[in-house]
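Okay, structure first, notes after.
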Amino acid sequence: MPHNTQQPSQLQFANAELIPEIVKMLKEGHTVTLRLRGFSMRPFLEDNRDKALLVKPSVVKVGDPVLCEIEPLHFVLHRIVNIEGDSITLRGDGNLATEHCRRDNIVASVIGFYRKGHERIDRTDGWKWRAYSFCWTRLFPLRRYILAAYRRLWIPLFGTA
């Protein structure tokens with residue numbers, strides 16, 4: 001009996017093409033798992049390693065990770081750091097600067113992450129994410145130094161896996 005030696009193929013699409021399709025699926029009531037690209041959520045989430053489980057946005061609050069369209073067809077997955085009416089201020093955990101959007105530019109809420117190749121989800125309402133978030137958001141003035149040490153020491157010595 002012949003063995004199937006085909007490897008599953010992976011396709012990569014630009015966010016500007018992929019995310020509008022994801023938004024359609026979310027509006028239909030589906031959940032979507034999205035492989036993360038970029039370094040803005042370091043050190044907890046890594047480029048092309050981790051995945052986010054997305055749902056249609058409902059009630060959002062400060063501290064929630066969300067997928068937003070900050071400019072036409074320019075999407076970011078960041079944490080909400082401030083809400084004033086319909087104005088939302090976002091910051092990636094690995095970023096020092098903030099970005100802004102309107103409440104209706106939030107295209108997805110994140111309910112969990114698949115990290116380090118694990119099949120078990122780290123839920124954003126779970127103790128692990130809440131503890132990490134509590135500590136990391138309060139270290140904002142020191143992030144510059146922690147992230148520099150992470151990039152220059154940790155990654156070369158231990159990698160990101």
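Set Lys and Arg Cβ to +1 and Asp and Glu Cβ to -1, take the dipole of region 55-161 about its Cα centre, and tell me which of V55, W154, W136 lies farthest positive.
Positive-end residue among those listed: W154.
Sort 146-153, 62-69 by the packing proxy (mean of other Cβ within 10 Å over each peptide's residues), most packed first. Display every interim value, and only then the final one.
Values: 146-153: 13.1, 62-69: 20.1.
For the peptides 146-153, 62-69, the packing ranking is 62-69, 146-153.
How much of the accessible area of the chain, probe 1.4 Å, is carbon plus sulfur, in whole percent?
In the chain, the share of accessible area belonging to carbon and sulfur is 55 percent.
Using θ = phi - 60° and the Karplus curve 6.51 cos²θ - 1.76 cosθ + 1.60, what whole-Hz ³J(HN,Hα) does each residue of region 71-83 get, with Gly and Pro shown as x?
Once rounded to whole Hz, the list reads 9, x, 6, 10, 10, 9, 10, 9, 8, 6, 10, 7, 10.
Straight-line reach from K116: which lysines have Cα under 27 Å away, leaving out those fewer than 8 places along the same chain?
The qualifying lysines are K51, K56, K61, K128.
Calculate for the chain the 222 nm mean residue ellipticity that helices alone would give, adding -39,500 (n - 2.57) per DSSP H run of length 4 or more and normalising by residue count, nearest 500 deg cm²/dmol.
-6500 deg cm²/dmol
Charges at C-beta only: +1 for Lys and Arg, -1 for Asp and Glu. How large is the resulting dipole of region 57-161 about its Cα centre, in Debye rounded to 20?
620
Report the charge-dipole magnitude of region 57-103 in Debye, nearest 20, computed about the Cα centre from +1 at each Lys and Arg Cβ and -1 at each Asp and Glu Cβ.
Taking the Cα centre of region 57-103 as origin, the dipole is about 120 debye.
Order 43-51, 132-140 from most to least packed using the mean count of other Cβ atoms within 10 Å.
The most tightly packed comes first, giving 43-51, 132-140.
With the Cα gyration tensor of region 1-113 giving a ≥ b ≥ c as the square roots of its eigenvalues, does the rule (a/c under 1.5 for rounded; else a/b larger than b/c for prolate; else oblate) give rounded, prolate or oblate?
prolate
Would you please classify the overall shape of region 80-161 from the alpha carbon gyration tensor, given that a ≥ b ≥ c denote the square roots of the eigenvalues, rounded means a/c under 1.5, and beyond that prolate means a/b larger than b/c while oblate covers the rest?
Details: a/c = 2.10, a/b = 1.32, b/c = 1.60.
Oblate is the answer for region 80-161, as a/c is 1.5 or above yet b/c matches or exceeds a/b.
How much of the calculated P(r) for region 79-118 lies past 11 Å, in percent of all Cα pairs?
Value for region 79-118: 69 percent of Cα pairs lie more than 11 Å apart.
Quick one: length gained pulling S87 to R152 fully straight, 0.36 nm per residue minus the C-alpha distance?
Once the chain is fully extended between S87 and R152, it gains 19.9 nm.
Taking Cα centroids, how far is region 36-58 from region 69-87 in Å?
15
Apply the Karplus curve 6.51 cos²θ - 1.76 cosθ + 1.60, θ = phi - 60°, to the phi angles in region 38-52 and return the couplings in whole Hz, x for Gly and Pro.
x, 10, 6, 10, 5, x, 6, 10, 10, 4, 6, 10, 9, 10, 10
Under the rule of at least 5 residues apart or a separate chain, name every residue whose amide H is placed under 5 Å from the amide H of R123.
Correct list: F113.
The values are calculated or read from the model by the stated rules, or taken from the named source; none is laboratory data. What you are looking at is a predicted structure, and each value in this text was computed from that prediction instead of being measured. FYI the Cβ positions are ideal-geometry reconstructions off the backbone, even for glycines, and counts take in every protein chain you see. Quick note on the areas: whole protein, heavy atoms, side chains included, nothing else; ligands and nucleic acids left out. Shrake-Rupley method; radii C 1.70, N 1.55, O 1.52, S 1.80 Å.
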